[in-house]
Every structure is written in structure tokens, then in C-alpha cells.
Amino acid sequence: MAAAHGFPEQITRARALHSNGQLEAAIFLCREILAANPGSAEAHYVHANVLNDLGQLQAALDDYDRAILLKPDYAYALCNRAVVLGRLGKLPEALASYDRALEIDPSDGLAWCNRGGLLLSLSRRDEALASFDAAIARRPDFFPAHFSRAALLQERTDWASSLASYDRAIAINANDLASHYNRGQVLLELHRWEAALANYDRAITLDPNFHRAHAGRAQALHRLGQLTAALASYDRAIELGPGEATSYNNRGVVLQELGKLDEALADFDHALAVNPDYAKAHFNRGTVLQRREDPDAALASYERAISANSEYADAYVNRGVVLASKGLLQEAISSYQRAIHIDPNLAEAYYDLALASLKSGDLLRGWVNYEWRWRAKIGPVFSERRHFPEPCWLGEEPIAGKTMLLYGEQGMGDSLQFCRYVPLVAARGARVILEVPSPLVSLCATLDGVAQVVAYGTPLPDFDFQCPLMSLPLAFNTSLETIPTSLRYLAADTDKVASWQQRMGAKSKPQVGLAWSGMQAAGADRKRHVPLAVLTRFLPTDLRYVCLQTDVNEADRKTLAEHPEILFFDTELKGFNNTAALCDCMDLVLSVDTSIAHLSGALGRPTWVLLPFNADWRWLVDREDSPWYPTMRLYRQQSPGDWRGILERVSAQLRGQFT
């Protein structure tokens, strides 16, 4: 009777020993109690709790079962039994135990929260979310439920709802490291870079050695354009967590943007040393190798990225770009199509597919996909798409009696090439207004069918329909056989032609106009640039040469000074009107792929164009002529960078034609 009289006090003492971590003493006392009171559900429950903490899971489960047998409505025992079952991997049984406990006591917020965690382990996410919500309904300030809810919503990419839950969790526990870090990750997804940075900084204050917070901080700084600061944060993240492949990869991206390609490549290699199947690192490695003009190595990296992730749409796109650069157009087209199959909204895939289709001569399919250029991140459009209240005309509506605005959207050469469609639009009965860059206004006024030419940036008159010039081939269903060609669709000013003829004096030799580079101010494409010092070595001396370049760098000016036989008018040659008139005086225009070539072709002048190995789509493949310009002859590199082979052929044919 003495033992029974002291029983509650013994239970209380056993609980205290357990709470203080004196597990052996607690279990010894529990066994004394059970020896005297084997029918005590409470004693079995406390004994099971101690066994659980000692890792004796099966013994703990047996004692919870005894407690529940003695007291079937013992909700706490059912909950702790569920915990042990979960640790034993018996998840469905654990869930059933939580459900029984909550039938008895539905007010237990902790049980609802733990049940949610169990449901997550069973991949029953909708039910887990409902369980976290039930926990919060019963305990509004229960931090674990808010945090778990936020993490689940983050996993489901419900960024706004996740952020709200992290806000609530932090309001309850302002010093929780994981909440600040995770909130930063969510804010990154919401493109709220400054706010994300603040959360990462708070996480670092709480734990200066938390390498992932340093990595997150670096990401935010990167998005804010603070590349040097981002690099320093990545350095710290890697110092603290050298086993994180992601940090090496992301630092490599920053180094790549800083133009430090060798260091970027080394970082991608480090990332792959940590994780050989890291698809994104293989992809990024490929982009560096592309910039270093190593297509074979780049292709191998994209193949590895695809091998690691067969659904990596961007890798298929870049793989296609490399294949196209190697002249393997059909393989490139297949790669783009695979990317589109994976991601039907990937604009870059459609755009690059358009270029490959156009280059291969499949114009009808190419024009359709070329409309995706407006959505591609890296497309040919120099400015954002124009938005007009008037509808875009793509050939469907009747336009007789209507006013049509046609406008250039890209470079000078594109406007010169595609303004040829103006007469076709006028032939359908429309009054045509053409908007082009100001240097082309006077020249384009010579087009048949144009009613008014306006300079870009000046007020537009009223119109009924509008269409960008580069969409007109789609509007007219242009195929190789139906390209609108005429020997000459632009005309030079006759007075300016006469002025140039007088300026150059009596003509004693055939005159050849030269254009060897694109615009220097824009950073000429090296693939479309022949140094003048190289070009002059292949020019026959018994011809008269005239510089048609309006933008000449210092190195080429020095070459011109060394070759006074090349007429160079420098500042006198300004504006396309002057250039067109000078072209009209030439027996031949010799140009790389620049606006000068398009100008000469549009004027109907004999034009020889020097093309790189991977030439632009408009020049097609394996052709010496152009369906766009009847007076044009094309000279193609036979291997990347091989200008010598082209220039040797040009030199021989100049001699054959003019000497």
C-alpha cells in the first residue's frame, strides 16, 4: 500500500529524470513503478518515452501499445507511438496512429503538424498542406507549422504563398536561420533581389559560417549586377563549403560574364569534379567553349548535359546552334525540334529553328517560326517590339484603300533587303507609309509604290494596318521560287552620281568599291571582318579601288595611308545617299556581309560578297548566287576563318574579268 500511496510522486520524479537527461535513472525508476503497478498506463507511457530516447524503438513501441491497451483514449501515447513507427519506417501505421489520436483530441496542433510531416514523407502533399493548416488553426503561433507550410509551398513553387508563410514564421521566431535563408530563396524566384539580399545578410548574422547563405547572397548580388561583390560572396561560400558544386557553377557564370573565360571554365570543371552528372555545369561549360570558338568541345559538353538530363531543353537549343555553325543543318533542326517537344513555349528554340529552316531553303516554314523572334531573349531585334493599336497585317485582310505602315525593326542591311516588298503591298491597293532609320529616308523614297517615307523617331501619320518589314515574307508566303526580285529596286540620286564622277576624274581603269568590315562602333563581328592590310595583298594593281566604308578604324586608316591608290573620301562619304551614288559609279562592289552589300545589290550593281564559313541564313548554303539579288556573286569560306582561300579566288577572278 505504501508503494501505491507514493505512485503519483514516483511518476512525476521519473518524468523529471527523463527531462533532465538522466535516462538510466529514469528507466530504473520506471521499472520499479511498473513492478508495483503493472496496470498503469501512465507508467508504461513514461517508460516508452525513455526507451524511445535511448533508441530502443521496438521496446518503446511495445510499451506504447500496452499503455493504449490499458487506456484506449490515450492520445499522447498514440502520438508518440506514431513517432516511433515513423522512425521504424512504418509510415502508414504511423499515420493511422496520428489519425486515432486526433479523433480523440482534434485540438492538438503538434499532432496535426507532425501528421503533415508524415504525409509529406508519403508524397501526399495536398493532405500535408491541409494538416499544417489544421495545426495553425489550432495553434496560430505555432512556428513549426508555419515553417513546414512555407517549405511545402516553396517546393510547389507557390512563391507568394510561401513568402507569406515565411513572414509569419519569422514574426514568431525572428532568429530562425532556416527561415531567413529560405525566404531569401523565395525572394530570388520573385526577382526581388534587394529583399533577398537582406534575408541572406540576416542569415549570415545569425551564423557567419553558413555557406549556403553566402552563396544565396552572391546570387542576389549577381542579379543586381554587382558582379565583383557577387564573386567575393561566392569565394566565401566556397571557402566554407568546398563540397558544393552549385557554388562553383554559379561563380563560373559570374566569371563568364566578367569575360574571365579560363577561370569560368575551371569553376565548371570543379563543379563537375564534385558532381559529374551536374547537367547545368556541363551546359555552362559548353557556353564558354562556344565563346572560345571550340565547337567540338562545346558540342561534347552539351551532349553530356543532355545525357545527365534528357529533358534539358536549353541544352538541345545550344547543341543545335553548334551543329548549325558546323554546317550540320538537319541535325541542328532535329535538336531544336526536340527542345520544342520538351518545352513548347521555348522562344529561342523556335527562333533558331527558323534560322536553320531559312538557311536550308525551307522558307515557308522558316517565316512562320521567325515570328518567335519577338519573344526570344537573344534575337535580332535591336529594340523592344513596337506596340500599335492598329492591327498587324500578315497578308490575310484586304487592304485596298487602306493606309499601311511598314517599318524597319533591325539593321540597315535588313531594311535595304526587305523594303523590296513595298511595291507588292502597294499593288494590293494600299497607301504605303515606310518608316526607316533617318540615313535611309531619301534613298527609300525612290521605291515604287511608296507614298511617304518617315524617319524612325519622328511623328507617324495615321494608318489602318502595320507590319514590320521582316514579317512581309510571311505575309506574302515567300518561297525560294517566289522571292520578289528585280534587277534594281532602289535608285541613286543622279546629281550625286554625276558629282562623284566629276570628283574622281576621268575613268582610266575599272573601278572596284571596297567594304571590308561592319560598323566599328558596334564592335564588328570578327567573322565578317577582313583586315584591310590582308585584303590589299590580294588586290590586282591594275584596277582602281574606292573605299566605301564610312567607319574606318585606326589600323585600317594606317593601311589606307600606305595605299594612296585606294581612293578614300573619309568625311565626304556620309549618308546612304552619297554611298549609293558612289556605288553607282563602280563597275564592281566587293564587300563582306554588310549593309553596303545589300545597298549595292538593291541598286542592281555587280556585287561580290565575302562570306564566313557559318554565313547568315539569307545567303543559304552551297550557292554562289543569291535569289535575293540577281547581280550578286557569293564567295564562301571553306573552313572557319579561311579568308585566304576566298581572297585567292577573288583575286584570280578579278584578273580574269577586268584585265
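One table, with the values for the structure above:
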item	result
Given (1) touching a Cys at 6+ places or on another chain (Cβ under 6 Å); (2) outside any helix (DSSP H, G or I), number of the condition PRO144 does not satisfy	(2)
Any hit, segment 429-450, residues being more than 28 Å from ASN578 (Cα to Cα) and assigned to a loop (DSSP other than H, G, I, E, B)	yes
Positions within segment 313-347 being surrounded by 23 or more Cβ atoms within 10 Å (Cβ to Cβ) and more than 20 Å from ASP622 (Cα to Cα), in sequence order	ALA315, TYR316, VAL317, ASN318, ARG319, SER335, TYR336, ALA339
Residue within segment 570-580 that is crowded, with 16+ Cβ neighbours inside 10 Å, outside any helix (DSSP H, G or I) and free of Cβ contacts under 8 Å to residues at least 40 places away in the same chain present	yes
Failed item, numbered, when LEU460 is tested on (1) at pLDDT below 95; (2) under 35 Å from the mean Cα position of the chain (by Cα)	(1)
Residue in segment 206-218 that is in contact with a helix residue (DSSP H, G or I) (Cβ under 8 Å, 6 or more places away or on another chain) and among the polar types (S, T, N, Q) present	yes
Residues of segment 210-228 satisfying the condition of being surrounded by fewer than 17 Cβ atoms within 10 Å (Cβ to Cβ) and among the small types (Gly, Ala, Ser)	GLY225
Any hit, segment 580-593, residues being polar (S, T, N, Q) and more than 27 Å from PRO627 (Cβ to Cβ)	no
Which listed residue, of THR571, THR607, is closer than 26 Å to ALA498 by Cβ, within 41 Å of the chain's Cα centre (by Cα) and of a type in the set (Val, Ile, Thr)	THR607
In segment 99-140, the residues that are among the charged types (D, E, K, R) and within 21 Å of SER162 (Cβ to Cβ)	ARG115, ARG124, ARG125, ASP126, GLU127, ASP133, ARG139
Test for ARG428: is it farther than 21 Å from HIS598 by Cβ and out of contact with any strand residue (DSSP E or B) (no Cβ under 6 Å at 6 or more places or on another chain)	yes
Enumeration of residues in segment 257-290 that are charged (D, E, K, R) and either closer than 21 Å to LEU231 by Cα or at pLDDT below 95 (or both)	GLU257, LYS260, ASP262, GLU263, ASP267, ASP269, LYS280, ARG285
Considering residues of segment 527-539 that are in contact with a strand residue (DSSP E or B) (Cβ under 9 Å, 6 or more places away or on another chain) and part of a loop (DSSP other than H, G, I, E, B) only, the residue modelled with the lowest pLDDT	HIS529
Verdict on SER307 being surrounded by 21 or more Cβ atoms within 10 Å (Cβ to Cβ), more than 18 Å from the chain's Cα centre (by Cα) and outside any loop (DSSP other than H, G, I, E, B)	no
Pair list, Cβ under 8 Å, 6 or more apart: segment 332-351 residue under 12 Å from GLU311 (Cα atoms) and among the hydrophobic types (A, V, I, L, M, F, W, C), other residue at pLDDT 95 or above and surrounded by fewer than 17 Cβ atoms within 10 Å (Cβ to Cβ)	ILE342/GLU311
Which numbered condition ILE378 fails, given (1) β-branched (Val, Ile, Thr); (2) in a helix (DSSP H, G or I); (3) surrounded by fewer than 18 Cβ atoms within 10 Å (Cβ to Cβ)	(2)
Segment 12-22: number of residues that are exposed (fewer than 15 other Cβ atoms within 10 Å of the Cβ) and part of a helix (DSSP H, G or I)	3
Residue in segment 421-436 that is farther than 23 Å from VAL621 by Cα, in contact (Cβ under 8 Å) with a residue 12 or more places away in the chain and under 22 Å from the mean Cα position of the chain (by Cα) present	no
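Conditions (1) within 20 Å of LEU346 (Cβ to Cβ); (2) touching an Asp or Glu at 6+ places or on another chain (Cβ under 8 Å), marked per residue:
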{"site": "LEU255", "(1), (2)": "no, yes"}
{"site": "VAL288", "(1), (2)": "no, no"}
{"site": "GLU303", "(1), (2)": "yes, no"}
{"site": "GLU311", "(1), (2)": "yes, no"}
{"site": "ALA315", "(1), (2)": "yes, no"}
{"site": "SER325", "(1), (2)": "yes, no"}
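The values are calculated or read from the model by the stated rules, or taken from the named source; none is laboratory data. Since the model is a prediction, treat every value here as computed from it, not as a measurement. Every residue, glycine as well, gets a Cβ built from its backbone with ideal geometry; the counts of neighbours run over all protein chains shown.
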